[in-house]
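Just below is one structure, and these are the notes that go with it.
The values are calculated or read from the model by the stated rules, or taken from the named source; none is laboratory data. Values in this document were obtained by computation on a predicted structure and should not be read as measured data. Quick reminder, even Gly has a Cβ in these numbers, built from the backbone with ideal geometry, and neighbours come from all protein chains shown. Heads up: the accessible areas ignore ligands, DNA and RNA and are worked out on the full protein's heavy atoms, side chains in. Shrake-Rupley method; radii C 1.70, N 1.55, O 1.52, S 1.80 Å.
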Amino acid sequence: MKALAVFPSSREVRLIDQPEPMIAGPTEVKLRILEAGICGTDREITSFQYGTPPVNSPHLIIGHEALGEVIEVGSGVTGLAPGDLAVLTVRRPCPHDRCGPCRKGRQDFCITGDFTERGIKGAHGYMTEFVVDDERYVVKVPKELREVAVLIEPLTVAEKAAEQGRVLVQRLPGDLKNDPSSLSAVVLGAGPIGLLGAMKLVDGKWNTYVYSRGKADSPNVRIVSAMGARFVSSEEHPPADLVKMVGNISLVYEATGAAKISFDVLSVLGVNGVFLFTGVPGVMAPVEIDAEQIMRNLVLNNQVICGTVNAGRASFEEGVQDLVSFMRRFPAAVRALITARVALDDARDAVLSRGGIKSVITVA
Ligand SMILES: [Zn+2]
Ligand SMILES: [Zn+2]
């Protein structure tokens, strides 16, 4: 079967021929990959900033955002059958007994760092024709989501953040943790992660603002309007203006990976506010921030800063439910996130180039 792989030692990215995986245990599932999304992580791996092949392999098959069709199941599989659509989770547990999170199926909170991630770290990914994995990493998707289900994995960034946000809101006294319709949230960034996060907030009844670079006539900004959120240009309005437009900022969902703008917005976070970081900045020169202002606000306004990475199975299941809801409320906005579909034969060029919102490799 064909697959797109990186060879870190020779710094090559190319289509390879790989043996087709076979079901080897009773709880395994074999999928024909239908589509695989491309994201910034793939671009970082194919520019050799990270990405680790499996032990004893010179190459890593990339891709961690996939939609597949189940074509074969082991004798012990109970929740999936041939013909089902499904998405795959990414992180697999570390082997250590002392890692409580991994032993409980919460490898997104692994304490040893020895987890693997399909398509990223120590395990082959999904930019290929067939994949086999254990049933517990395969999440069924309703047929009505066929054209957009490849967005579920990037949506799980927001789902995991929402899970963390729900825990953090529990600290507040009763009447403050109920109805978000009186509260305002700001999403930083209007890429796929930001736009999917904004959809989650709009769907959850938050007054949602997207604060990003970009012009009012860009496709990203049209998606912001189409879902019922409001766009504020960071090129035209500094964070102090943002507060005037939004009022008390109760929640910030960061999806830029840019430290400067994130900390500038942290300095205007509101009373009892929560700031959720999801972006991973590159290693760059130190940025200047107003640490005293930020520290003063954190204490005097009961604020919380929380970082979140990866997502457990429950976040994938919630992502499936939410995507069904998004497609009922603002289908055009969801569809508009996918701006290009290219064949697996052309995947290399698609991964190495930029542009659009979300490019997707069509495999079958
Ligand atoms: Zn991704
Ligand atoms: Zn672990």
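Per residue, what accessible area does the chain have, given a 1.4 Å probe and all protein chains present, in Å²?
Per residue, the chain has 45 Å² of solvent-accessible surface.
Would you give the gap between the C-alpha center of region 117-184 and the C-alpha center of region 1-43, rounded to a whole Å?
When both Cα centres are located, 22 Å separates them.
For region 227-277, what does the equivalent ellipsoid look like in terms of its semi-axes, each the square root of 5 times an eigenvalue of the Cα gyration tensor, given largest first in whole Å?
15, 14, 12
Which whole-number percent gives the relative contact order of region 171-246, counting Cα pairs below 8 Å spaced six or more residues apart?
This gives 27 percent for region 171-246.
Gaussian network model of the chain, Cα springs within a sub-10 Å range: biggest mean-square fluctuation belongs to which of T308, T27, T116?
Taking springs between Cα atoms under 10 Å, the residue moving most is T27.
Please identify, among V77, V265, V320, the residue showing maximal mean-square fluctuation in a Gaussian network model of the chain using a 10 angstrom Cα cutoff.
The residue that fluctuates most here is V77.
Let me know the whole percent of all Cα-Cα pairs from region 220-313 that are separated by more than 19 Å.
For region 220-313, the fraction of Cα-Cα distances above 19 Å is 47 percent.
For the chain, find the longest principal axis of its Cα atoms and tell me its angle to the long axis of helix 291-300, 0 to 90°, nearest 10.
For 291-300 against the chain, the angle is about 80 degrees.
What translational diffusion coefficient, to the nearest whole µm²/s, does region 1-104 have by Stokes-Einstein, given a Kirkwood radius computed over alpha-carbon pairs, a temperature of 4 °C and 1.567 mPa s viscosity?
Roughly 82 µm²/s, to the nearest whole number.
Please identify, among R118, R43, R166, the residue showing maximal mean-square fluctuation in a Gaussian network model of the chain using a 10 angstrom Cα cutoff.
The residue that fluctuates most here is R166.
Leaving out same-chain residues fewer than 8 places away, which aspartates and glutamates sit with a Cα under 12 Å from that of K2?
Within the straight-line limit of under 12 Å, K2 reaches these aspartates and glutamates: D17, E20, E129, D345, D346.
So which of K104/K205; K104/K260; K140/K200; K140/K358 end up more than 27 Å apart by C-alpha?
K104/K205; K104/K260, as the Cα separations exceed 27 Å there.
For region 63-211, take N as its residue count and report Rg(C-alpha) divided by 2.2 N^0.38 Å.
Ratio of Cα Rg to 2.2 N^0.38 Å: 1.22.
State the extension gain, in nm to one decimal, for the chain segment bounded by T362 and Y50, taking 0.36 nm per residue of separation less the distance between their alpha-carbons.
Full extension of this stretch gives 109.8 nm more.
For region 180-243, which trypsin sites (Lys or Arg not before Pro) are in a loop by DSSP, counting at most 15 other Cβ atoms within 10 Å? Could the numbers behind the result be given before it?
Values: sites: K200, K205, R213, K215, R222, R230; in loops: K205, R213, K215.
In loop regions of region 180-243 (DSSP not H, G, I, E or B), the sparsely surrounded trypsin sites (Lys or Arg not before Pro) are K205, R213, K215.
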